[in-house]
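The block underneath contains the structure these notes are about, expressed in structure tokens.
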Amino acid sequence: MNPSVLPDPTRLILKNNITLVVTPNPTVDVISARFLLRAGSLLESAAQMGLVNLLAAVLTKGTQQRSSLDIAETVEYCGGSLSTDSGNDFFALSFKSMSGDFAKLLHLSAELLREPSFPEAEVDLERNLILQGIRAKQEYPFTLAFDQLKAHLYGDHPYGFANAGTIETVSALQREDLQTFHHRYFRPDNLVISIAGRIEVESCLAQVEQTLGDWAVPAKSLEFPTYKIVDQSIVTTPQHLYLAKETHQSIVILGYLTTAVHDPSYAPLKLLSSYLGNGMSSRLFTELREKQGLAYEVSALYPTRLDPALFVVYIGTSPQNQALAGEGLQREVDRLREEPLSEADLHTAKSKLLGQYALGKQTTGQLAQLFGWYEILGLGIEFDQIFPDKIKAISASDLQKIATQYLHTPCSSIVGPEIALFPTP
């Protein structure tokens, strides 16, 4: 698909308030679909941490009419793929098929969303697999450092929870918990369906209405919990978190609690993150790995979130270089506040970010995901045009101002051998 001739998506609202986004592309005989709900881990309680992750693992394991084997055979017979995913702000059911099999997988997906049976044996099996994964991740220093940072900065907010939950919370989850969550949030007025591929808008609308148009909106209005986040702008002293782990490398993370996707600062923070840590030509890679040889890995993260997100820079380094690597990481963030980017660096950063954004819209799956995601976030499909324009309009002084506003007092999270964390004088 030529990114310069991208099809325009069409947004439609069904009578039961399902949002449907259709992006026709007649050049490929493939259709990709995303069924997205605002039903991510943001809606979990601390006692049920990991619930949405478990629900995603079990949703495709049975319905009122089909067993797990029946579902797998239907997908295999169509030569397609079907999967689930979840994040902080969303739950997703996805499929890809040839255009001739679209109706079959659409019907199956609707059945999974509306009538999952959550078989007890499958819940037990997936719970045990998740518990094994949680135990295995305790050996990953980055996971430990990042979870430690999130928990500290977010406090009781669900963004601070471990993505898969903890041994204690996951062990306590029951089939009834999945049923209750499903009943509360899996409903037509909380659903965005994004479809891209060889299908016309009118045909797509007719098939979706036939399959899901009779899904009634519950009488009780849809409500989401709200959470308060500690205002990090009032913190004036850097915070330090340490976790001793006898590993072959140390992980140093600097985190700053910033802002959410709807804030005007979102685009500049995205550009700063890309400039610092996007690829082998990024500032962190060039300065800390190529020039100083301090990094096994080094990068920056600024995820897109409905609530304020963390701006993170991190480095994996040898324990003996831990202090130097941490100082270098801090120095590169400080430079964003102390001196504006050169025009050449600004141009390169914009070109890289916008180029990768365009490349992220090459396949039907990418298009379905992008436009559905924008609808779930409340940005609308129009944001696909708005975002590049926002990036192009950013100046070096804009970036320096945003860095000064948000990237001033870090919380560091460090995991490594005890001798590196607390060296003997």
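The values are calculated or read from the model by the stated rules, or taken from the named source; none is laboratory data. Every value quoted in this text rests on a predicted model; they were computed, and no experiment measured them. Positions of Cβ are generated from backbone atoms using ideal geometry, with glycine treated the same way; all protein chains shown enter the neighbour counts. Please note that ligands, DNA and RNA were not included when accessible areas were found on the heavy atoms of the full protein model with its side chains. Shrake-Rupley method; radii C 1.70, N 1.55, O 1.52, S 1.80 Å.
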Rounded, prolate or oblate: which fits the range 105-249, taking a ≥ b ≥ c as square roots of the Cα gyration tensor eigenvalues, rounded meaning a/c under 1.5, else prolate when a/b beats b/c? prolate
Please give the peptides 114-125, 183-194 ranked by average Cβ packing (other Cβ atoms within 10 Å per residue), highest first, as a rough proxy for protection. 183-194, 114-125
Keeping all protein chains in place and using 1.4 angstrom, which order do 55, 12 fall into by accessible surface area, from largest down? 12, 55
Only Cα pairs under 8 Å and at least 6 apart count here; give the relative contact order of the chain as a rounded whole percent. 23 percent
Quick shape check on the range 280-367: root eigenvalues a ≥ b ≥ c of the Cα gyration tensor, a/c under 1.5 is rounded, otherwise prolate if a/b tops b/c, else oblate, and it reads prolate
Just subtract the alpha-carbon distance of residue 339 and residue 46 from 0.36 nm times their residue separation and send over the number in nm, one decimal. 101.3 nm
Phi-based couplings in Hz for the range 97-110 (Karplus 6.51, -1.76, 1.60; Gly and Pro marked x): 8, 5, 4, x, 9, 4, 4, 5, 6, 5, 5, 4, 4, 4
With +1 on the Cβ of every Lys and Arg and -1 on the Cβ of every Asp and Glu, the dipole magnitude of the range 267-413 about its Cα centre, in debye rounded to the nearest 20, is 120 debye
What part of the accessible area of the chain, given as a whole %, is carbon or sulfur when the probe is 1.4 angstrom? 52 percent
For the chain, longest principal axis from Cα atoms; helix 322-338 axis from its Cα atoms; angle between them, nearest 10 degrees, is 80 degrees
What lysines sit close enough to residue 220 to cross-link, taking a C-alpha to C-alpha distance under 21 Å and skipping anything fewer than 8 places away on the same chain? 15
Correct option for mean projected area of the Cα convex hull in nm² [calculated from the coordinates] among [x] 56.0; [y] 19.4; [z] 21.7: [z]
Excluding residues fewer than 8 positions from residue 350 in its own chain, the lysines with Cα under 30 Å of it are 150, 270, 291, 361, 390, 392, 401
Among 360, 40, 326: highest mean-square fluctuation, GNM of the chain, C-alpha pairs under 10 Å: 360
Reach of residue 104 by Cα under 18 Å, taken over lysines that are not fewer than 8 positions away in the same chain: 61, 96
Looks like the range 1-124, by Cα gyration tensor root eigenvalues a ≥ b ≥ c and the a/c under 1.5 rounded cutoff (else prolate when a/b is bigger than b/c, oblate otherwise), is oblate
Specify which residue in the list 241, 197, 303 is farthest towards the positive end of the charge dipole of the range 188-306, using unit charges on the beta carbon of Lys, Arg (+1) and Asp, Glu (-1), about the Cα centre. 241
Please turn the phi angles of the range 353-358 into ³J(HN,Hα) values with the Karplus equation 6.51 cos²θ - 1.76 cosθ + 1.60 (θ = phi - 60°), one per residue in order, whole Hz, x for glycine and proline. 5, 5, x, 5, 4, 5
Amide H contacts under 5 Å for residue 250, restricted to residues at least 5 apart in sequence or on another chain and with H modeled in the peptide plane, are 317, 318
Order 148-161, 290-303 from most to least packed using the mean count of other Cβ atoms within 10 Å. 148-161, 290-303
Keeping every protein chain present and rolling a 1.4 Å probe, give me the accessible area per residue for the chain in Å². 45 Å²
Under the Karplus relation 6.51 cos²θ - 1.76 cosθ + 1.60, θ = phi - 60°, what is the ordered set of whole-Hz ³J(HN,Hα) values for the range 33-50, x standing for Gly and Pro? 10, 10, 10, 10, 10, 7, 8, x, 5, 4, 9, 7, 8, 4, 6, 10, 4, x
Just in the range 205-271: which GluC sites (Glu not before Pro) are loop by DSSP and have at most 10 other Cβ atoms within 10 Å? 223, 246
Kindly provide the helix-only [θ] at 222 nm of the chain, computed as the sum of -39,500 (n - 2.57) over DSSP H runs of four or more divided by all residues, to the nearest 500 deg cm²/dmol? -13000 deg cm²/dmol
